[in-house]
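The next block holds one structure in the form of structure tokens; read it before the comments.
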Amino acid sequence: MLRDRADSVSSAIRVDVIGGVVLIDASGELEADRLADNLEQIRGGSRPVVLDLTRVTEVGDEALRVLRAMWREVGDKLRVVAAPGSAPAHALKAARLRRFAVVHATLSGALTDAAA
């Protein structure tokens with residue numbers, strides 16, 4: 001049986017609140033629709049948001065467009081965690097999102113910065 005690529009890539013997004021900071025933890029392929037749905041839930045809120053991409057294996061163009069739109073709307077309330085040299089870090093750099101986004105190498109650094 002042939003498998004469709006979409007069937008073989010698992011992804012998940014989990015949302016928690018840690019010390020007043022909304023943590024969006026993504027894994028697998030970062031899907032634009034799921035990301036948009038979760039970011040929509042925090043739109044207009046007063047809490048800072050940390051998007052953890054350390055377990056993400058692939059970031060597509062549509063997901064990057066969702067991130068860019070949200071960064072334009074909420075500014076530095078949104079922080080992203082992407083390990084140096086990882087697929088998400090390369091995607092953010094290639095899309096030139098690192099110029100105006102707060103990107104951290106570690107989750108602890110992002111949570112500390114967001115809570116300050």
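The values are calculated or read from the model by the stated rules, or taken from the named source; none is laboratory data. This one's a predicted model, so the numbers in the text were calculated from it and none came from an experiment. Glycine also receives a Cβ, built like all others from the backbone with ideal geometry; neighbour counts cover every protein chain displayed. Calculation scope for accessible area: heavy atoms of the full protein, side chains included, ligands and nucleic acids excluded. Shrake-Rupley method; radii C 1.70, N 1.55, O 1.52, S 1.80 Å.
This table checks each residue for (1) over 15 Å from Glu29 (Cβ atoms); (2) open to solvent by less than 70 Å² (accessible area, probe 1.4 Å); (3) not in a helix (DSSP H, G or I).
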{"site": "Glu62", "(1), (2), (3)": "no, no, no"}
{"site": "Val66", "(1), (2), (3)": "no, yes, no"}
{"site": "Arg72", "(1), (2), (3)": "yes, no, no"}
{"site": "Gly75", "(1), (2), (3)": "yes, yes, no"}
{"site": "Val80", "(1), (2), (3)": "yes, yes, yes"}
{"site": "Pro88", "(1), (2), (3)": "no, yes, no"}
{"site": "Ala114", "(1), (2), (3)": "yes, yes, no"}
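Among the residues of segment 81-101, how many are in contact with a helix residue (DSSP H, G or I) (Cβ under 7 Å, 6 or more places away or on another chain) and in contact (Cβ under 8 Å) with a residue 24 or more places away in the chain?
Step one: list which residues in segment 81-101 are in contact with a helix residue (DSSP H, G or I) (Cβ under 7 Å, 6 or more places away or on another chain), which gives 81-83, 91, 95, 97-98, 100-101.
Cutting the leftovers down to in contact (Cβ under 8 Å) with a residue 24 or more places away in the chain gives us 81-83, 91, 95, 97, 100-101.
Matching residues across segment 81-101 total 8.
Just to be sure I understand, how many residues within segment 90-112 are open to solvent by 50 Å² or more (accessible area, probe 1.4 Å) and either assigned to a strand (DSSP E or B) or of a type outside the set (A, V, I, L, M, F, W, C) (or both)?
Filtering segment 90-112 down to residues open to solvent by 50 Å² or more (accessible area, probe 1.4 Å) leaves 90, 93-94, 96, 98-100, 105-108, 112.
Remaining after also requiring either assigned to a strand (DSSP E or B) or of a type outside the set (A, V, I, L, M, F, W, C) (or both): 90, 93, 96, 98-99, 106, 108, 112.
Adding up the residues that qualify gives 8.
Give the residue that is modelled with the lowest pLDDT, with candidates limited to residues of segment 1-46 that are surrounded by 16 or more Cβ atoms within 10 Å (Cβ to Cβ) and of a type in the set (Asp, Glu).
The initial filter retains those residues of segment 1-46 that are surrounded by 16 or more Cβ atoms within 10 Å (Cβ to Cβ), namely 11, 13, 21-27, 29-32, 34-36, 38-39, 42.
From what's left, of a type in the set (Asp, Glu): 25, 29, 31.
Values: Asp25: 94, Glu29: 93, Glu31: 90.
In this case the residue turns out to be Glu31.
Out of everything in segment 47-60 that is part of a loop (DSSP other than H, G, I, E, B) and more than 19 Å from Ala94 (Cβ to Cβ), what residue ends up being least open to solvent (accessible area, probe 1.4 Å)? Walk me through how you get there before you give the answer.
So the first thing to find is which residues in segment 47-60 are part of a loop (DSSP other than H, G, I, E, B), and the list is 47-48, 60.
Subsequent filtering for residues that are more than 19 Å from Ala94 (Cβ to Cβ) retains 47-48.
Details: Arg47: 116, Pro48: 26 Å².
Only one residue tops the list, namely Pro48.
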